[in-house]
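A short write-up of the structure that comes next.
The values are calculated or read from the model by the stated rules, or taken from the named source; none is laboratory data. Remember, predicted model here, so these are calculated numbers, not experimental data. Note: ideal-geometry Cβ built from the backbone for every residue, glycine included; neighbour counts use all protein chains shown. Note: areas computed on protein heavy atoms with side chains; ligands, DNA, RNA excluded. Shrake-Rupley method; radii C 1.70, N 1.55, O 1.52, S 1.80 Å.
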Amino acid sequence: GKSIIVFGTKASKAYARAIDMAGKELWNLSLDQSAASIATAAAVDPAGDIWVAGATPLATGLTPPAATATPLNPDSALIPQSAFIGDLQAITIWKISAAGVLMFTNTLPASSVLFPTAITADKNGASVVGIIANEKGNAGFLANADATGAFSKLLQIGVASTTADAVVRHGDGSFTIAGSSSETLAGKKVAGLTDGILVKISKALKITSVVRSSVAKGKRIWNSASNSLLLAGEVVAAGKTESAITKFSSSFVPSWTYRFASTGRTLSA
């Protein structure tokens, strides 16, 4: 409508707020009561509700056991009680109405520290993608929630050097993931140093196809993807850094591409 939604992390807590076109604040919400939380991605669904994705710890507020001896404190200093925050390894979604009412909060525990990079939402629910750490490096992930916020299982993409930076939900229940990878995925080997990837995932959460970029001795990352598969990202090759925008068909065939000198992440809409 006529409001702008701002979200992020302030004083180690996830928040969202709305302002009108003149900059007047309409509402301001602290999204989580954990000792620490982050909000890293957001989307608006067709009903106008706001879905925010982030990460929260699995355990909070654990008090260490009491000391067996009274410590020396000659200055009578006030010693704060310590608390274990815990690693941010739970995917968390918050759904907020356009009026600023927190409708629900749901979490999906994971096996390791994670960072959600994108969320998309439609009338049937939402999908979150991001990066999850493991002992070999980092992998991409996809997590889906229905309209009530209930999560299904988490799907890991890659093992040691893959990112999932954007997700598209299709009408047939399948998904397209865009990101980058420096490892073999579904039998498709690395073409450059790091390839931009498009991964098709079925409704049953099975990888059905992978398309990789072909920048030899270079690096390419798809940072974003629109519902019509208009992708944007960064390319580093032959001593140049550029942004790339490519329109793909539903079968992942590029219709056209445009590259220009720039630095950093490139987003499409």
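When the surface is traced with a 1.4 Å probe over the full set of protein chains, residue 103 keeps roughly 90 Å² accessible. Multiplying the residue separation of residue 206 and residue 241 by 0.36 nm and subtracting their alpha-carbon distance yields 9.2 nm.
Across the chain, C-alpha contacts under 8 Å between residues 6 or more apart give a mean separation that, scaled by the residue count, equals a relative contact order of 9 percent. Contact order normalised by length for the range 172-269, with contacts defined as Cα pairs under 8 Å and 6 or more residues apart; what percent is it? After rounding, I find 21 percent.
Within the full protein context, the accessible area of residue 146 is estimated at about 60 Å² for a probe radius of 1.4 Å.
With each label modelled as a point 7 angstrom along the Cα→C-beta vector, the residue 147-residue 257 pair spans 4.0 nm. Cross-link reach is defined here as a Cα-Cα straight distance under 24 Å, omitting same-chain residues fewer than 8 places apart; for residue 203 the lysines meeting it are 95, 123, 153, 188, 247. Among the trypsin sites (Lys or Arg not before Pro) within the range 155-194, those in coil by DSSP and having at most 11 neighbouring Cβ atoms inside 10 Å are 189.
For the chain, carbon and sulfur atoms together expose 57% of the accessible surface, with a 1.4 angstrom probe and every protein chain in place. Within the same chain, aspartates and glutamates fewer than 8 places from residue 219 are excluded, and of the rest, those with a Cα less than 12 Å from its Cα are 195, 234, 242.
Per residue, the accessible area of the range 122-226 comes to 41 Å², computed with a 1.4 Å probe over protein heavy atoms only. Residue by residue, the range 26-35 carries 3J(HN,Hα) couplings of 9, 7, 8, 10, 8, 7, 9, 9, 5, 5 Hz when phi is fed to the Karplus relation 6.51 cos²θ - 1.76 cosθ + 1.60 (θ = phi - 60°); x denotes Gly or Pro.
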